[in-house]
Amino acid sequence: MRLDADYARALDQQDPLAAFRDEFVIDDPSLIYLDGNSLGRLPKRTQARLHEVIGHEWGQRLIRGWGEGWFTAPQRIGAKIAKLIGAQPDEVIVTDSTSVNFFKLVMAALATRPDRHGIITEAINFPSDLYLLQGANYLAGGKYQVQVLRAEDGLSVSEGTIAAAVNPDTALLTLTHTAFRSGYVYDMAAMTDIAHRAGALTLWDLSHSVGALPLDLNGCKVDLAVGCTYKYLNGGPGAPAFLYVRRELQDQLTSPIWGWFAQKAQFDMGPDFTPAPGITRFLAGTPNILALAAIEPSVDLLLEAGIERLRAKSIAQTEYLIALWEAELAPLGMTLNSPREAHKRGSHVSLGHPDALRIDRALIEEMNVIPDFRYPDNIRLGIAPIYTRFADIHEAVERIRRVIVERRYERYTIERPDVT
Ligand SMILES: Cc1ncc(COP(=O)(O)O)c(C=O)c1O
């Protein structure tokens, strides 16, 4: 594979998705932003949409806005996200945070398996998911055994280990589809099948997958899923998350939060809770309309780009990045902490180095590159194929190389900042 800068520019010229970059606010052309898997860039259409929501809908229409599109926004935007994840329009709703949605679905799932005691997950799952499982068990009086499987190679837990752990006492198997540190992608169909054969439910966290790779929740017979919208969906900082419940399960499951937006005939204002039919029962309180409005234009952009084309570009770009790593950074002591095989990798690549934290700081402070850092020694380079260029990847590797060769990172302390 050719690796030089001219080749990167040639790939950008041939890129059928290249025009989508102009849809995003890019104030500083020399900034290389590789943090799309933590916070995506701002689409220009979102700026315009928020202007309209604030100025016209809130400013002029006032309370009438609820009847003019606000009330149905969680379902409407959920139906669009459904197209990205292989689900039916009425199986997805946008609400609350990923953590809150995860908790709601864990509690709802466990209630359907009252005689079982096993919850299975893995140690490199996102910490919030692990804490929430502990919290669910605490609320159940410690009735459950939360089994946290160890990632043998640090990247993932093998299919065999998961298959051996799931048993007839397992109520729930929950995994993050693309692991947040390594970018490893679990085989959704195989893992779901393992759980189903034992009579357990599955709950997938799609936060690092949605918008980056095609998903087929219906085809894989997934029961439950959650995901965030501020990474590859570019919904903005703290944007509401989504949850998915397979249609046949919706009326069997009850959210643990009996808020009025989950209530059947909400505006009858009756005194007793009766859950709304379908996915709406997983809402809780009044949706955050400004934050919801910011998600929709970006989801539209991804649908226009097409998730298959985005995935093809993402694979080409992570392959290019790994080839550059091998040529330029591996000789300097950087390790590849992500899978080598493209089909087992999401859209971020983690590179390890004993001085990763200081390298990360030097990149941000003096090289105008924004990756992100994950303890203890990972620099994550998140490729958002809707706006990342091959030339950005080439230049980022060159700047990382300079930070190491010129020992620029030595100027920084090893103290961890409050937020990484
Ligand atoms: C895989 C994964 N799950 C859950 C979360 C938590 O999301 P939230 O802060 O929206 O609850 C994150 C946040 O980055 C994440 O990456």
> Which loop-located trypsin sites (Lys or Arg not before Pro) does region 232-299 contain, where loop means any DSSP state but H, G, I, E or B and the Cβ has at most 14 other Cβ atoms within 10 Å?
Replying inline: Lys264
>> Give me the one-decimal nm value for the distance between modelled label points at Arg64 and Met269, 7 Å along each residue's Cα-to-Cβ direction.
In response: 2.2 nm
> Restricting attention to region 374-420, which trypsin sites (Lys or Arg not before Pro) occupy a DSSP loop and are surrounded by at most 12 other Cβ atoms within 10 Å?
Replying inline: Arg407
>> Using the Karplus curve 6.51 cos²θ - 1.76 cosθ + 1.60 with θ = phi - 60°, what ³J(HN,Hα) values do you get for each residue of region 283-293, in whole Hz, with x for Gly and Pro?
In response: 6, 10, x, 4, x, 7, 5, 5, 6, 5, 4
> So, in nm, how far is label Asp418 from label Glu152 when the simple model puts each one 7 Å beyond its Cα toward the Cβ?
Replying inline: 4.3 nm
>> Under 5 Å between amide hydrogens, which residues at least 5 positions from Ser209 or on another chain qualify, with H placed 1.01 Å from N in the peptide plane?
In response: Thr178
>> 5 Å is the cut-off here: which amide hydrogens, built 1.01 Å from N in the peptide plane, fall below it relative to Ala171, excluding neighbours closer than 5 in sequence?
In response: His117, Gly118, Ile119
> R0 = 25 Å: FRET efficiency of Val405 with Ala10, Cβ-based, nearest 0.05?
Replying inline: 0.40
> Residue farthest toward the positive end of the dipole of the chain, with Cβ of Lys/Arg at +1 and Asp/Glu at -1: which of Pro376, Leu206, Leu155?
Replying inline: Leu206
>> Just to confirm the filter: which trypsin sites (Lys or Arg not before Pro) across region 23-74 are DSSP coil and have at most 15 other Cβ within 10 angstrom of their Cβ?
In response: none
>> If each DSSP helix of 4+ residues adds -39,500 (n - 2.57) and the sum is divided by the residues in the chain, what number results at 222 nm, nearest 500 deg cm²/dmol?
In response: -10500 deg cm²/dmol
>> In the chain, once you exclude exposed chymotrypsin sites (Phe, Trp or Tyr not before Pro) (DSSP loop, at most 16 other Cβ within 10 angstrom), what's the longest stretch remaining?
In response: 72-257
>> For region 63-131 and region 389-412, what is the centre-to-centre distance using only Cα atoms, to the nearest Å?
In response: 39 Å
>> Spelling out what I want: for every residue of region 377-393, take phi, set θ = phi - 60°, compute 6.51 cos²θ - 1.76 cosθ + 1.60 (Karplus), and round to whole Hz; glycine and proline get x.
In response: 8, 10, 9, 9, 10, x, 9, 9, x, 6, 9, 6, 9, 4, 4, 4, 5
> Using 7 Å Cα-to-Cβ label points, what is the Leu31/Leu332 separation (nm, one decimal)?
Replying inline: 2.3 nm
> Per-residue HN-Hα couplings for region 217-232, Karplus 6.51 cos²θ - 1.76 cosθ + 1.60 at θ = phi - 60°, whole Hz, x for Gly and Pro?
Replying inline: 4, 5, x, 8, 6, 5, 7, 9, 7, 9, x, 9, 10, 9, 8, 5
>> I'm a student and want to see the number: the projected area of the Cα convex hull of region 37-99, averaged over all directions, in nm².
In response: 5.6 nm²
>> Report for the chain the percent antiparallel among DSSP-assigned beta bridges with both residues inside it, nearest 5.
In response: 55 percent
> Let a ≥ b ≥ c be the square roots of the eigenvalues of the Cα gyration tensor of region 149-279; is it rounded (a/c under 1.5), or, if not, prolate (a/b larger than b/c) or oblate?
Replying inline: oblate
>> With every atom except the alpha carbons ignored, what do you get for Rg and Dmax of region 274-373, in angstroms?
In response: 19.9, 63
> Which far-off residues, 5 or more places away or on another chain, put their amide H under 5 Å from the one on Arg345, with H placed in the peptide plane?
Replying inline: Val185
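Bear in mind these aren't lab numbers, they're just calculated from the coordinates by the rules spelled out. What you are looking at is a predicted structure, and each value in this text was computed from that prediction instead of being measured. Because the Cβ atoms are built from the backbone with ideal geometry, glycine has one as well, and the counts that use them run over all protein chains shown.
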